[in-house]
Amino acid sequence: MTRFVAILLLLTLPASAAEQLAPPGAPAERFPKPDRPVAEIVAPQWAYEKERDRADEVGQVARLMRIAPGETVADIGAGNGYYVFRLSPRVGPQGRILAQDITPDYLADLERRVSEAGLANVTVVRGEAHDPRLPPGSVDAAVLVHMYHEITQPFGLLWNLAAAMRPGGRVGIVDADAIPSRHGTPPKLLRCELAAVGYREVSMTRLKGDVGYLAVFEAPAPDRRPEPETIRPCRDEATRARR
């Protein structure tokens with residue numbers, strides 16, 4: 001009987017042992033819903049790795065974001081860890097990669113692969129759809145790769161992410177120039193949503209190799225963020241124009 005109970009407990013445990021690294025931030029209900037469709041999370045990666053490697057996607061992003069040895073980089077929505085495994089050697093043993101996701105199966109698989117690869121500078125983190133749950137003032141750069149259109153509460157996630165960024169912290173968003181229902185974010189809409197939370201645009205670059213664009217923003221200081229209740233959603237004109 002005792003053995004049966006033990007097995008039952010194991011079967012009901014979460015698929016991932018990844019932990020949240022910070023107390024909860026502002027709750028989702030304080031923020032407005034986005035005025036656009038939210039795409040479904042359908043896979044832990046958006047394209048074949050060979051195609052992305054051929055385009056040097058990670059290299060392009062790392063150079064444009066000036067990701068350097070010794071820095072702490074958060075991969076928000078890390079999925080299968082495509083960026084994690086390629087950024088880990090770039091930041092080196094003195095740096096740190098925070099591989100964050102919200103999908104239990106992805107987290108469990110990523111933890112296993114990170115452990116097998118012996119990546120001592122990678123920490124797998126369990127977040128929430130509106131809150132990455134990262135330590136305050138700990139992140140030099142954050143990347144959100146082909147997943148922004150899947151965030152159900154972008155204003156909450158950006159607001160809570162800002163608290164985790166160090167002064168001058170860079171947030172890079174890689175996405176396709178397409179409507180959200182087609183797994184992309186029009187740059188105009190992206191700019192509006194980031195500005196609504198106090199982010200300042202640094203650059204917007206179309207990446208080589210047909211892998212989308214990279215938009216880099218500077219996160220606001222925690223005390224310069226707007227109150228959640230004052231944030232106004234941005235009108236998704238691109239989706240309306242295609243109806």
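Tally Lys/Arg at +1 and Asp/Glu at -1 over every other residue whose Cβ is under 10 Å from the Cβ of G70; what's the total?
Details: positive: R96; negative: E71, D140.
Combined, the nearby Lys, Arg, Asp and Glu give -1.
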Gyration tensor (alpha-carbon) shape descriptor, segment 102-225, a/c threshold 1.5: oblate
Surface per residue (accessible, 1.4 Å probe) for segment 98-243, Å²: 42 Å²
Residue-span extension gain [R166 to R54] - 0.36 nm each, minus C-alpha spacing: 37.1 nm
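Rounded, prolate or oblate: which fits segment 117-169 when a ≥ b ≥ c are the square roots of the eigenvalues of the alpha-carbon gyration tensor, with rounded for a/c under 1.5 and prolate only if a/b beats b/c?
Oblate, because a/c is 1.5 or more while a/b does not exceed b/c.
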Amide H partners (placed H, <5 Å) of V143, local residues excluded: A74, D75, I76, G172
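Is segment 72-174 best put as rounded, prolate or oblate by its Cα gyration tensor, with a ≥ b ≥ c the root eigenvalues, rounded for a/c under 1.5, and otherwise prolate when a/b is larger than b/c, oblate when not?
Cα axes put segment 72-174 in the oblate bin.
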Dipole-positive endmost among A62, T72, L110 within segment 59-129 (Cβ charges, Cα centre): A62
Span per principal axis, largest first, for the Cα atoms of segment 90-147 (Å): 30, 28, 21
Antiparallel DSSP beta bridges within the chain, percent to nearest 5: 40 percent
Correct option for Rg and Dmax of the Cα atoms in Å [calculated from the coordinates] among (1) 17.3, 51; (2) 19.7, 66; (3) 17.9, 62: (3)
For segment 90-170, with +1 on Lys and Arg beta carbons and -1 on Asp and Glu, the positive-most of V125, L157, G169 along the dipole: G169
Fraction of accessible area attributable to carbon and sulfur, the chain (%, probe 1.4 Å): 54 percent
The chain: calculated mean residue ellipticity at 222 nm from DSSP helix runs of at least 4, using -39500 (n - 2.57): -9000 deg cm²/dmol
³J(HN,Hα), Karplus 6.51/-1.76/1.60, whole Hz, each residue of segment 75-81, x for Gly, Pro: 9, 7, x, 5, x, 8, x
Rg/Rh for segment 20-98, where both radii come from Cα atoms and Rh is the Kirkwood radius: 1.04
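Taking 0.36 nm per residue of sequence separation and subtracting the Cα-Cα distance, how much length would be gained by fully extending the chain between A221 and R235, in nm to one decimal?
Values: separation 14, 0.36 × 14 = 5.04 nm, distance 2.56 nm.
Stretched fully, the A221-R235 segment lengthens by 2.5 nm.
The values are calculated or read from the model by the stated rules, or taken from the named source; none is laboratory data. In this text, all values refer to a predicted model and were calculated from it rather than measured experimentally. Every residue, glycine as well, gets a Cβ built from its backbone with ideal geometry; the counts of neighbours run over all protein chains shown. Just so you know, the surface numbers come from the protein's heavy atoms only, side chains and all, with ligands and any DNA or RNA stripped out. Shrake-Rupley method; radii C 1.70, N 1.55, O 1.52, S 1.80 Å.
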